[in-house]
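Everything below concerns the one structure shown next.
Every read-out reported here was derived from the displayed coordinates using simple, explicitly stated rules and does not represent laboratory data. Every value quoted in this text rests on a predicted model; they were computed, and no experiment measured them. Methodologically, a virtual Cβ is constructed for each residue, glycine included, from the backbone with ideal geometry; neighbour enumeration extends over all protein chains shown.
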Amino acid sequence: MRILLCGGAGYIGAHAYVVLVERGHDVVVADNFSNSSPGVLVRLQQITGHPVPFQPLDLRDREAVVGFFARQQFDAVVHFAALKAVGESCERPLDYFHNNISGTLNLLHGMQAAGVKRLVFSSSATVYGDPASVPVREDARLQVTNPYGRTKLVMEQLIGDLCESDPGFHAANLRYFNPVGAHASGLIGEDPTGIPNNLMPYICQVAVGRREHLSVFGGDWPTPDGTGVRDYIHVTDLARAHADALDFLVRERRNLTVNLGTGQGISVLQLVNAFAGAAERAIPYQIVARRAGDVAEVYADPSLANDVLGWRAELDVDAMCRDAWRWQSQNPQGYPSA
Ligand code: NAD
Ligand code: UDP
C-alpha cells in the first residue's frame, strides 16, 4: 500500500515508518516538525537504506492539506500528528483544540475529497481517565481529565461519525498505553524538548547525566510499593500493531477500537530498578508529592488486539530499558541538529 504517516517524524511515527517499510509498503512522511527534527529522517534513511519520502505539512492549514491529497494518491493514512503534553494542554487548551481537533478535521476533509478511506488513528489510554477497575477493557467508561485527553476522545468521536456516514470509510483507533524504548539500532528514539514530562525519558536523562535525580511522584499510592503503576509497552511492539491494523482494515472492511498494552502493571520503582540494571548504574531518586491529575494504577486488557489483530506485545521491561538506554547513551543530547 501507499501510506501517508502524518506526524511520522515523531517518536512513534518514526518507529512505525521502519516497520511499514520492512513490510514492503511505500510510505510517505508528512510533518511540521513542531515536536521533532529533520535529523530523524537521516536516521530513518540509515536504518532502511533508502531516502525517506518527506512532505512538509501543517495539518492546521486546510488548503495545504486538501491540495496535497489532490496531488498524491494514498491507500491509507496513519495519523500520529498531535500535541501531547498534558500539563501544557491545561495551560493552552485552545492551541490543543486547534492543533489536534481542527488538524484532524482538515486531514479528514483532505482524505474525503481524495477518496482515501482507511485511517489508523493514535488514540490513548488517557480516554479512560481514572478507571474504575484494572485491567481496562475497551468497553470501560470513557472519561477525560484534561484538555489533551478531551482532544483524543473528541477525535475518536469525529472519526466514528465519519465512519457512520460513509460505510466505505474504515478506521482503527489504537489506544496506546505507555510507549517506551527505542529501535534496536539505537539510531531513533524518544527525544523530548525541554524537561521530560514522562517517566522513561526522565530516567534516561538522569542516567546520562543531564539531570541530577528523578522525582518520584508519590510513594503513598494504593499500589504494592506505593508508587504509580502503568502499562509500559515497547515502541517496536507498538509500531508493529500499526501494520497489523492496516492489514485488518483491508481484510475486514470494518472499524476497530483497540487497546495496545502488555497487560502487565509496572510501578515507578520497578521501572527505575529495571533501568538501573540495564544501564548498570544507579538512578538517584527522591519521593516527592503526587503529581496533580495522576492516578494510581492503569494497565490494559490487551486481549482484543490479540483476537482481532493477532497482535501481542513481545518485548519485556528489560528490553524496553536496554533499548531506551542504548538510544540515550549513543545520543546523549538527542538527534543532532540537521
Ligand atoms: P511526537 O510529538 O513525538 O510526534 C507527533 C508528531 O506530530 C511530531 O513529529 C510533530 O512535529 C507532529 N505534529 C504535531 N502537530 C502537527 C501538525 N499540526 N501538523 C503536522 N505535524 C504535526 O509524539 P508521539 O509520542 O510520537 O505520539 C504520536 C501520537 O500518539 C500522538 O497523537 C500522541 O497523542 C499519541 N500518544 C502518544 C503517547 C506517548 O506517550 N508517546 C501515548 C498515547 C498516545
Ligand atoms: N512519574 C514520576 N516522575 C516523573 C514522571 C512520571 O514519578 O518525572 C510517574 C507518574 O506519576 C506515573 C508514571 O510515572 O505514575 C508514568 O508517568 P508518565 O507521565 O510517563 O505517563 P502517564 O502518567 O501519562 O501514564
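A count restricted to segment 164-181 and to residues that are surrounded by fewer than 18 Cβ atoms within 10 Å (Cβ to Cβ) and either in contact with a His (Cβ under 8 Å, 6 or more places away or on another chain) or without any contact (Cβ under 8 Å) to a residue 40 or more places away in the chain (or both) stands at 3.
Yes/no matrix, rows are residues, columns are (1) in contact with a helix residue (DSSP H, G or I) (Cβ under 8 Å, 6 or more places away or on another chain); (2) under 17 Å from Ala85 (Cβ atoms); (3) within 14 Å of ligand 1 (Cβ to nearest atom); (4) among the β-branched types (Val, Ile, Thr):
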| site | (1), (2), (3), (4) |
| --- | --- |
| Leu107 | yes, no, yes, no |
| Asp130 | no, no, no, no |
| Pro135 | no, no, no, no |
| Glu156 | yes, no, yes, no |
| His170 | yes, no, no, no |
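Just to be sure before I move on: is Leu94 surrounded by fewer than 23 Cβ atoms within 10 Å (Cβ to Cβ), in contact (Cβ under 8 Å) with a residue 24 or more places away in the chain and assigned to a helix (DSSP H, G or I) in the structure I sent? Criteria not met by Leu94.
Here are some conditions: (1) of a type outside the set (Val, Ile, Thr); (2) within 12 Å of ligand 1 (Cβ to nearest atom); (3) crowded, with 17+ Cβ neighbours inside 10 Å; (4) over 28 Å from Ile195 (Cα atoms). Arg62 meets all but one. Which one does it not meet? For Arg62, the failing item is (3). Residue-level check: of (1) more than 17 Å from Ala241 (Cβ to Cβ); (2) more than 8 Å from ligand 1 (Cβ to nearest atom), Leu20 misses just (1). Name the single residue, out of those in segment 251-271 being in contact with a Leu (Cβ under 7 Å, 6 or more places away or on another chain) and of a type in the set (A, V, I, L, M), that is nearest to ligand 1 (Cβ to nearest atom). Residue satisfying both the conditions and the ranking: Leu260. On the given criteria, is Glu190 acidic (Asp, Glu), closer than 24 Å to Ala305 by Cβ and in contact (Cβ under 8 Å) with a residue 60 or more places away in the chain? So Glu190 fits the description; yes. Can you work out which of the residues in segment 193-204 that are assigned to a loop (DSSP other than H, G, I, E, B) and either among the charged types (D, E, K, R) or in contact (Cβ under 8 Å) with a residue 24 or more places away in the chain (or both) is nearest to ligand 2 (Cβ to nearest atom)? Looking at the filtered set, the residue picked out is Asn197.
Of all residues in segment 70-92, those satisfying the criterion of being farther than 18 Å from Glu156 by Cα and away from ligand 1 (no atom under 14 Å from the Cβ) are Ala70, Arg71, Gln72, Gln73, Phe74, Asp75, Cys90, Glu91.
Number of residues in segment 149-192 that are small (Gly, Ala, Ser), under 18 Å from Val116 (Cβ atoms) and either within 15 Å of ligand 2 (Cβ to nearest atom) or outside any loop (DSSP other than H, G, I, E, B) (or both) equals 4. Scanning segment 128-147 for residues that are closer than 14 Å to Ser89 by Cβ and of a type in the set (A, V, I, L, M, F, W, C) turns up just one, Val144. Residues that are of a type in the set (Ser, Thr, Tyr), crowded, with 19+ Cβ neighbours inside 10 Å and in a strand (DSSP E or B): does segment 123-132 have at least one? Scanning segment 123-132 turns up at least one residue that is of a type in the set (Ser, Thr, Tyr), crowded, with 19+ Cβ neighbours inside 10 Å and in a strand (DSSP E or B).
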